[in-house]
Amino acid sequence: MIRRPRLPAPGDFTAPSHSPLVAARLGLWLGVAFGLCFVTGLLSHYIQHPPGWFTWPTRPVNLYRITQGVHVLSGVAAIPLLLAKLWSVYPRLFARPPLRQLSRLLAHALERICVLVLVCAAFFELVTGLFNVAQSYPWGFFFPAAHYAVAWLAVGALLVHIAVKLPVAHPALTTRLSQADTAGVVAPGPDDRDMSARRAFLRTSAGVAGVAVLATAGVTVPWLRRVSPLAWRTGAGPQGMPINRTADAAGIVVPPDWRLAIVWPGGRHTLSLAELAALPQRTAELPIACVEGWSASARWTGVPIVDLLRRAGAPTSRPVRISSLETNGLYARSTLPATHAGDPLTLLALRINDEELSPDHGYPCRLIAPSRPGVLQTKWVARLEVLT
Ligand SMILES: Nc1nc2c(c(=O)[nH]1)N[C@H]1C(S)=C(S)[C@@H](COP(=O)(O)O)O[C@H]1N2
Ligand SMILES: [Mo]
């Protein structure tokens with residue numbers, strides 16, 4: 001007899017990992033990872049595009065290094081957790097829609113659309129983020145803008161999803177997975193075997209997430225570098241520091257009569273490199289913390305921006321725009337908020353690790369400020385402009 005082929009139903013999938021007990025726990029871990037990733041990502045966005053109400057502290061000097069490290073690592077941890085969660089719940093795809101009752105059908109459809117948006121947005125964020133860590137942009141859109149916009153989609157869909165699933169997730173989370181631990185007094189029954197299979201699945205998922213984090217963490221945690229195959233950037237590069245954009249790639253030609261210009265409403269002052277080098281210098285250990293996740297620390301020596309402004313007679317409690325010799329790069333300019341401009345550790349650096357800056361690190365001088373994204377540490381500086 002030939003059986004008519006039929007679509008499977010959720011009940012046909014009998015692996016113990018297809019269980020709300022597993023899905024809810026993975027969901028909780030994913031919620032934590034996504035939450036950390038979203039908050040740290042939002043911070044990074046606001047630091048680069050500050051709304052009027054936003055200020056970012058200059059201390060500890062490694063603050064941005066830490067928040068951006070958390071951003072990249074929580075994103076990396078979310079990848080295996082998301083795959084495990086999808087494996088756990090995919091039989092639900094075959095649940096029959098409740099066709100009889102319009103209101104239930106609508107609720108079902110809305111829930112499905114929300115899950116679809118959530119999964120697509122989450123994959124988009126994790127995949128584009130991973131490519132960004134690898135500094136590869138095999139697409140036509142501008143990564144930061146797209147990554148930021150889709151983050152809101154993901155978080156909106158996530159909140160709706162949590163609200164809808166709470167009635168299932170809450171009892172699932174409060175049911176212990178270890179009831180079967182009767183220390184071998186009675187032979188384990190089928191339910192006990194399911195429970196230990198679920199525990200093993202969860203342990204494996206957490207383990208894979210942990211390995212993925214360790215494999216990436218060396219980009220930002222120096223002592224993990226030896227165990228991190230993905231930490232290929234940190235430590236490489238001239239003068240012991242990685243380079244994102246070389247002087248050649250940026251088309252930098254330093255004119256022989258280069259002078260730093262300091263301008264403010266109603267005033268202007270210029271200095272040659274020799275004059276800058278003759279001013280009192282300050283040395284500080286500060287990190288470059290790239291938004292892509294790699295970071296590395298160096299000893300920088302230069303003149304605090306606040307001292308330069310004071311000597312020139314310019315106002316010091318204002319934001320300062322830093323412009324470079326670069327004519328058409330995305331990061332040719334940056335703005336120091338007033339808090340950073342006034343901090344004595346915000347340097348116009350002339351030296352790195354006791355050597356003159358190499359062309360790739362920003363010769364003749366570069367900005368280096370505490371707790372600031374790498375993209376805003378402008379190299380090849382030509383002009384400081386005090387804004388009103
Ligand atoms: N003018 C200019 N400054 C720049 C950049 C740039 O492209 N142009 N890249 C920035 C980025 S993305 C980073 S991470 C740091 C890297 O500094 P480094 O090459 O000295 O390590 O420089 C920043 N300064
Ligand atoms: Mo960067």
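The values are calculated or read from the model by the stated rules, or taken from the named source; none is laboratory data. No experiment lies behind these values; they were computed from the predicted model shown. Note: ideal-geometry Cβ built from the backbone for every residue, glycine included; neighbour counts use all protein chains shown.
For every residue, the table says whether it meets (1) within 13 Å of ligand 1 (Cβ to nearest atom); (2) under 16 Å from I288 (Cβ atoms).
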{"residue": "L325", "(1), (2)": "yes, no"}
{"residue": "T339", "(1), (2)": "no, no"}
{"residue": "P364", "(1), (2)": "yes, no"}
{"residue": "V381", "(1), (2)": "yes, yes"}
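Just name the residue that is modelled with the lowest pLDDT out of those in segment 1-19 that are assigned to a loop (DSSP other than H, G, I, E, B) and touching a Phe, Trp or Tyr at 6+ places or on another chain (Cβ under 7 Å).
Ranking the candidates gives L7 first.
Can you tell which of R268, R311 is in a helix (DSSP H, G or I), more than 16 Å from ligand 2 (Cβ to nearest atom), basic (K, R) and assigned by TED's automatic domain parsing to the domain that holds V381? Give the derivation first.
On the way: R268 fails: in a helix (DSSP H, G or I).
The match here is R311.
Scan segment 278-301 and give yes if some residue there is more than 15 Å from ligand 1 (Cβ to nearest atom), more than 23 Å from the chain's Cα centre (by Cα) and crowded, with 20+ Cβ neighbours inside 10 Å, otherwise no.
No, the conditions are met nowhere in segment 278-301.
Of all the residues that make up segment 18-28, how many are closer than 19 Å to A77 by Cβ and buried (at least 20 other Cβ atoms within 10 Å of the Cβ)? Explain how you work it out, then say what you get.
Within segment 18-28, the first condition is being closer than 19 Å to A77 by Cβ, and the residues that meet it are 22-28.
After this cut, where a residue has to be buried (at least 20 other Cβ atoms within 10 Å of the Cβ) as well, the list is 22-27.
Number satisfying all stated conditions: 6.
Report whether or not L63 is among the aliphatic types (A, V, I, L, M) and either over 30 Å from A298 (Cα atoms) or touching an Asp or Glu at 6+ places or on another chain (Cβ under 6 Å) (or both).
Details: among the aliphatic types (A, V, I, L, M): yes; either over 30 Å from A298 (Cα atoms) or touching an Asp or Glu at 6+ places or on another chain (Cβ under 6 Å) (or both): no.
So L63 fails the test.
Answer yes if at least one residue in segment 354-376 is in a strand (DSSP E or B), more than 16 Å from ligand 2 (Cβ to nearest atom) and buried (at least 22 other Cβ atoms within 10 Å of the Cβ), and no otherwise.
no
Test L350 against the criterion of being touching a Cys at 6+ places or on another chain (Cβ under 9 Å) and either within 16 Å of ligand 1 (Cβ to nearest atom) or in the same structural domain as V72 (by TED's automatic domain parsing) (or both), and give yes or no. Explain how you work it out, then say what you get.
On the way: touching a Cys at 6+ places or on another chain (Cβ under 9 Å): yes; either within 16 Å of ligand 1 (Cβ to nearest atom) or in the same structural domain as V72 (by TED's automatic domain parsing) (or both): yes.
So L350 fits the description; yes.
Just one of D307, D354 is out of contact with any Ser or Thr (no Cβ under 6 Å at 6 or more places or on another chain), charged (D, E, K, R) and without any contact (Cβ under 8 Å) to a residue 40 or more places away in the chain; which is it?
D307
Can you spot a residue in segment 94-105 that is in a helix (DSSP H, G or I) and surrounded by 15 or more Cβ atoms within 10 Å (Cβ to Cβ)?
Within segment 94-105, not a single residue is in a helix (DSSP H, G or I) and surrounded by 15 or more Cβ atoms within 10 Å (Cβ to Cβ).
Select from segment 306-323 the residues that are of a type in the set (A, V, I, L, M) and within 27 Å of the chain's Cα centre (by Cα) and write down the one among them that is nearest to ligand 1 (Cβ to nearest atom). Working first, answer last.
Taking segment 306-323 first, the residues of a type in the set (A, V, I, L, M) are 306, 308-309, 312, 314, 320, 322.
Checking which are within 27 Å of the chain's Cα centre (by Cα) leaves us with 320, 322.
Working: V320: 15, I322: 9 Å.
Across segment 306-323, the extreme among qualifying residues is I322.
Suppose we keep only residues that are of a type in the set (G, A, S) and not in a strand (DSSP E or B) within segment 315-331. Which one would you say is farthest from ligand 2 (Cβ to nearest atom)?
S317
Test of understanding: among G27, G75, which residue is in contact with a Cys (Cβ under 7 Å, 6 or more places away or on another chain), in a helix (DSSP H, G or I) and within 16 Å of S205 (Cα to Cα)?
None of the other options fit; the residue is G75.
Scanning for something within 12 Å of ligand 1 (Cβ to nearest atom) and crowded, with 16+ Cβ neighbours inside 10 Å, does segment 249-265 turn up at least one residue? Give the derivation first.
Taking segment 249-265 as the starting set, the residues that turn out to be within 12 Å of ligand 1 (Cβ to nearest atom) are 249-252.
So of that shortlist, the ones also crowded, with 16+ Cβ neighbours inside 10 Å come out as 250, 252.
Yes, the conditions are met somewhere in segment 249-265.
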